[in-house]
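Asks: First the structure, then my questions, so here it is.
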Amino acid sequence: MKILVINPGSTSTKMAVFDDETPVLVRNIVHSPEELAGFDDVIEQQDYRRQLVLDELGKADIAVSFDAVIGRGGLVKPLEGGVYEINDLMIKDTHSGIALHNHACNLGCLIAHEIAAEIPGCRSFIADPGVVDELNEYARISGSPLMNRICIWHALNQRAIARRYAAEIGKEYEDLNLIICHMGGGISIAAHDHGRAVDANNALDGEGPFSPERAGSLPASDLIRLCFSGKYTEKQLLKRIAGKAGLNAHLGTNNVKEIIQRIEDYGDTHAQLILDAMIYHVAKNIASESAVLCGSIDAILLTGGLARSEYIVSRLRKRIGFLAPIRCFPGEDEMEALALNALAVLRGKRKAKEYM
């Protein structure tokens with residue numbers, strides 16, 4: 001089976017071609033701020049990014065002939081985990097901005113569907129988008145009936161890492177209780193109860209620990225007063241929650257390597273205080289998920305780009321090591337995870353769900 005994988009991010013478009021489980025082409029197309037400045041809206045980048053993907057296929061002399069094209073899922077309606085066949089309603093909801101978030105991940109299903117539509121017999125999918133919602137009944141309730149808790153998290157990579165860990169120990173993902181923490185520009189933490197993520201945070205713009213680019217949970221009254229202070233526009237305040245927030249707001253950079261260098265080479269005590277505070281809050285939020293699982297935890301899995309940092313991982317181990325065994329899976333397995341999800345459907349091992 002020949003599969004094209006497309007994973008758009010805010011500053012790059014990752015793409016790969018798989019022959020069954022084997023990657024035969026992997027590319028990370030980087031987009032400079034100048035290149036994207038001409039687009040008023042992320043959705044307007046669809047044709048531009050699609051053509052870049054096709055250009056890379058041409059350079060590699062790979063024919064545009066696939067059994068499936070699978071894209072990173074966008075911020076559509078909350079749905080159960082799994083593989084979804086892209087349909088007209090998903091396209092419509094993506095264009096309408098139903099989730100109220102203008103994020104590059106929304107381009108995944110649009111580009112995948114457009115390319116697949118030109119290939120006879122080719123199917124188009126998404127898998128485990130960030131809006132996967134399997135929360136238990138308690139997790140949805142907040143202290144105000146005006147708003148429920150929602151989760152926007154790294155569902156695709158967390159599930160891929162969970163299955164990988166389960167395979168390594170000779171078990172199934174559905175047999176295990178896991179706490180998984182994905183640490184990147186945003187940080188998502190989820191409690192996985194026998195194959196369902198029954199509690200997870202809104203890592204995009206509203207909850208959990210602060211991160212390199214996110215403010216995380218904030219004092220509600222102070223935030224409301226700031227909104228009515230007249231000092232900031234709505235757009236500026238949204239940036240203060242996601243983008244110019246977290247480490248970026250405190251230290252002027254989201255580059256953790258640079259921050260650690262400032263600590264180790266220059267003795268920057270303020271940088272150390274802020275980074276250690278982020279680690280503290282990550283550990284606290286991981287520990288809180290142990291209550292969701294009633295203390296029955298088979299393992300804690302750390303993943304994402306920041307899991308490469310010994311500085312961060314060693315300090316997390318010190319704080320949460322008493323809860324359960326800790327395993328590290330640095331980086332992301334998103335491209336392989338997308339390909340394997342599509343392959344499972346093509347081989348009849350998994351059924352594609354209908355978005356509705």
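The values are calculated or read from the model by the stated rules, or taken from the named source; none is laboratory data. Here the structure is a predicted model, which means the values were calculated and not measured. For neighbour counting, all protein chains shown are included, and Cβ atoms are generated from backbone atoms with ideal geometry for every residue, glycine included. Note: accessible area is taken over every heavy atom of the protein model, side chains too, but ligands, DNA and RNA are not part of it. Shrake-Rupley method; radii C 1.70, N 1.55, O 1.52, S 1.80 Å.
Asks: With a 1.4 Å probe and all protein chains kept in place, how do H270, H154 rank by accessible area, largest first?
Replies: H270, H154
Asks: Of the options A160, C122, I189, report the single residue whose Cα projects farthest towards the positive end of the charge dipole of the range 86-220 (beta-carbon charges: Lys, Arg +1; Asp, Glu -1).
Replies: I189
Asks: While we're on this one: For I141 paired with H95, estimate the spin-label separation in nm (one decimal), with each label point 7 Å from Cα along the Cα-to-Cβ line.
Replies: Here the modelled spin labels are 4.1 nm apart.
Asks: Just tell me which lysines come within less than 28 Å, Cα to Cα, of K349; anything on the same chain fewer than 8 places away is out.
Replies: Filter leaves K2, K14, K77, K171.
Asks: To the nearest 0.05, what FRET efficiency results for E172 and S32 with a Förster distance of 35 Å applied to their C-beta separation? Please list the in-between numbers first.
Replies: Details: r = 44 Å, r/R0 = 1.24.
Using R0 = 35 Å, I get an efficiency of 0.20.
Asks: I would also like to ask the following. Suppose we look only past 28 Å in the calculated P(r) of the range 130-274. What percent of the Cα-Cα pairs does that tail hold?
Replies: Details: 3404 of 10440 pairs.
Percent of Cα pairs beyond 28 Å in the range 130-274: 33.
Asks: Now, a different point. With n ≥ 4 as the cut-off for DSSP H runs, can you work out [θ] at 222 nm for the chain, using -39500 (n - 2.57) per run divided by the number of residues, rounded to the nearest 500?
Replies: Calculated at 222 nm, the ellipticity per residue is -11000 deg cm²/dmol.
Asks: Stretched out fully, how many nm does the piece from I62 to K318 gain, at 0.36 nm a residue minus the Cα gap?
Replies: Contour length minus the Cα-Cα distance gives 87.3 nm.
Asks: Once the whole set of protein chains is in place, how much accessible area is left on F66, using a 1.4 Å probe, in Å² to the nearest 10?
Replies: Accessible surface of F66 is approximately 10 Å².
Asks: Tell me the per residue accessible area of the range 197-267 using a 1.4 Å probe; a whole number in Å² is fine.
Replies: Here the per-residue accessible area is 59 Å².
Asks: List the pair-distance distribution P(r) of the chain, using every Cα-Cα distance, as the percent of pairs falling in each 10 Å bin from 0 up to the bin containing the longest distance, rounded to whole percents.
Replies: 5, 24, 33, 26, 11, 1, 0
Asks: Protein chains only, probe 1.4 Å: how do M278, M1 rank by accessible area, largest first?
Replies: If we order M278, M1 from most to least accessible, we get M1, M278.
Asks: Here's something else I'd like to know. Let me understand the range 177-256 better: what is its radius of gyration from the alpha carbons, and its Dmax, in angstrom?
Replies: Cα-based Rg and Dmax for the range 177-256 come out at 14.4, 48 Å.
Asks: State the three equivalent ellipsoid semi-axes of the range 1-84, derived from the C-alpha gyration tensor as the square roots of 5 times its eigenvalues, in descending order and whole Å. Don't skip to the answer; put the middle values down first.
Replies: Details: eigenvalues 101, 75, 20 Å².
In descending order, the three semi-axes are 22, 19, 10 Å.
Asks: Note down the nm distance, to one decimal, between modelled labels 7 Å out along Cα→Cβ at Y48 and at E234.
Replies: 2.5 nm
Asks: When all protein chains stay in place, what accessible area (Å², nearest 10, 1.4 Å probe) is found for E118?
Replies: 150 Å²
Asks: Additional query: Taking only the alpha-carbon atoms of the range 233-356, what semi-axes of the equivalent ellipsoid follow from 5 times the gyration tensor eigenvalues under a square root, in whole Å, largest first?
Replies: They are 32, 22, 16 Å, listed largest first.
Asks: Would you work out which of A249, G206, G216 lies farthest towards the positive end of the dipole of the range 186-249? Charges go on Cβ: Lys and Arg +1, Asp and Glu -1.
Replies: In the range 186-249, that residue is A249.
Asks: Can you give the Kirkwood hydrodynamic radius of the range 14-166 from its Cα pairs, in Å with one decimal?
Replies: 17.1 Å
Asks: Can I ask one more? Dividing the Cα convex hull volume of the range 272-333 by residue count, how many Å³ per residue is that?
Replies: 80 Å³
Asks: Let me ask you something else. Would you mind working out the magnitude of the charge dipole of the chain relative to its Cα centre, with +1 at each Lys and Arg C-beta and -1 at each Asp and Glu C-beta, to the nearest 20 Debye?
Replies: 760 debye
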